[in-house]
Structure formats: C-alpha cells, structure tokens
Amino acid sequence: MRLSDEGLVEVFRQSGTFVSPIKLHDVYEGLLAREALEIAVVRQATTRFDRRFEDRFQALLLRQRECAKWNDYDGFHALDEEFHRTISECGGTPRIWRIIVSAKAQLDRVRRLGMRAPGKLEQIIQQHETIVAGLKSGNDSLAANALQEHLNATFATIRFLMDENSAYFTSEEPASMPMPASPLRNDRPEGHQVDKNYD
C-alpha cells in the first residue's frame with residue numbers, strides 16, 4: 001500500500017515527501033465504514049462467544065492495562081487493533097476486519113494522536129471491558145451500544161486535537177465535515193436522566 005494513495009503523505013517533485021495534514025472527511029468515511037461493519041460484527045460475535053475467546057479477550061485487557069500503566073502508546077495501539085480484530089474472528093468474519101483496516105488509515109492517525117489525551121487509555125479500557133461483558137453475556141445490545149460509544153469518542157478526540165494543535169488538520173475541512181447521526185444520539189447509559197430544572 002502506497003502512503004500517498006492513503007493520503008498520509010504528499011509528494012512534490014523537486015521538493016520532497018511531506019506528511020499530509022489529517023483530512024477530516026477521510027476520518028469520517030473511515031469511521032462510517034467501521035460503524036456500519038463492526039457494529040454488525042459485534043452483534044454476531046455475541047452468538048459465537050465461548051471460553052476460548054473469553055480467555056483471549058481477558059489476556060488482551062490485561063496487557064492493555066499494563067501498557068496504560070507505563071504510557072506505552074505504541075504497544076497500546078497494537079493491542080487495540082488486536083482487540084478489534086479478535087471481535088471479527090469471534091464473529092466468524094475475519095475478512096471484514098481486513099476491509100475495515102483498508103478504510104481507516106486517516107482515522108487511525110486521530111486515534112493514535114488522541115491516545116495521549118488525559119485519561120484516554122483508561123476510557124478505552126473501560127469501553128473494551130463493557131464490550132466484552134456484552135459478548136460474554138450474549139447481550140448483543142450491550143455489546144453494540146458499548147462499541148458505538150467507543151467509536152463516537154472519536155469526535156471528542158478530534159475536538160481535543162484541534163484545541164491542542166489545529167495544524168494537525170487541513171484548514172478548509174473542519175466546518176464542512178459531515179456529521180453522522182450517531183454522535184447526536186443520547187450516549188448516556190439507559191436510566192440516566194439529566195435534571196432539566198436548571199435556571
């Protein structure tokens with residue numbers, strides 16, 4: 001795979017090769033592809049979950065906690081990828097994960113940069129734990145909702161990165177980036193009510 005084909009670098013004759021700014025529209029497309037495919041996969045995985053996969057997920061969570069303890073961002077990212085690939089394997093659809101990988105190069109740049117945000121690794125681990133709880137209990141709604149919340153967190157990550165350094169992104173795209181319906185959903189846990197009696 002050529003980096004220029006994925007929009008990760010820009011090549012200028014007689015000037016050189018430069019890392020491209022992040023294109024928010026491409027991030028959105030990668031997220032949309034991941035949402036459409038992986039939500040369906042995690043629901044299917046709840047019907048195939050067994051002790052073999054339980055052991056694999058628990059081992060991955062343990063290693064993720066260890067990486068988080070030492071702020072090993074590269075190691076954590078690799079384990080995050082393995083976690084989601086294992087969901088596809090559990091669902092009997094390993095090819096789907098390869099399709100997702102081919103669509104999320106720009107999304108991965110946001111994910112990797114965002115891992116350095118305060119509390120981000122702990123948040124990811126908690127979301128992974130909830131996904132595993134849904135898989136283990138056979139509760140496809142719990143697993144799917146936890147994964148949806150996990151994916152929706154990308155938008156908070158983008159806001160964090162833009163506040164930290166807007167040069168990460170192309171200057172013309174933030175205002176025009178299409179927003180999917182999912183981030184506008186109520187992502188609070190069921191039963192949690194907001195007190196609307198404010199002044």
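Side notes on the structure shown:
- Conditions (1) part of a helix (DSSP H, G or I); (2) at pLDDT 95 or above; (3) surrounded by 15 or more Cβ atoms within 10 Å (Cβ to Cβ); number of the one not met by F49: (1)
- Residues satisfying the stated conditions in the range 98-124, i.e. acidic (D, E) and within 19 Å of Y28 (Cα to Cα): D108
- Every test in (1) in contact (Cβ under 8 Å) with a residue 12 or more places away in the chain; (2) under 20 Å from I22 (Cα atoms); (3) assigned to a helix (DSSP H, G or I) is passed by A156 save one, and that test is (1).
- Tabulated pairs, the range 104-121, first touching a residue at least 24 places away in the same chain (Cβ under 8 Å) and closer than 12 Å to R159 by Cα, second of a type in the set (V, I, T) and assigned to a loop (DSSP other than H, G, I, E, B), C-beta under 7 angstrom, 6+ apart or interchain: none
- Residue count for the range 100-131, restricted to those that are closer than 21 Å to A143 by Cα and not acidic (D, E): 13.
- Checking the stated criteria, A59 turns out to be surrounded by fewer than 18 Cβ atoms within 10 Å (Cβ to Cβ), modelled with pLDDT of 95 or more and either in contact with a strand residue (DSSP E or B) (Cβ under 9 Å, 6 or more places away or on another chain) or aliphatic (A, V, I, L, M) (or both).
- Residues that are at pLDDT 55 or above and surrounded by 12 or more Cβ atoms within 10 Å (Cβ to Cβ) were ranked within the range 167-187; the one that is farthest from E29 (Cα to Cα) is Y168.
- Test: residue in the range 84-98 that is of a type in the set (S, T, N, Q), closer than 15 Å to R34 by Cα and free of Cβ contacts under 8 Å to residues at least 40 places away in the same chain: yes
- Considering the range 28-46, the residues that are surrounded by fewer than 20 Cβ atoms within 10 Å (Cβ to Cβ) and under 14 Å from the mean Cα position of the chain (by Cα) include one that is farthest from K136 (Cα to Cα), namely E29.
The values are calculated or read from the model by the stated rules, or taken from the named source; none is laboratory data. It should be emphasised that the depicted structure is a prediction, and the values quoted were computed from it without experimental measurement. Virtual Cβ from ideal backbone geometry, glycine too; neighbours counted across all protein chains shown.
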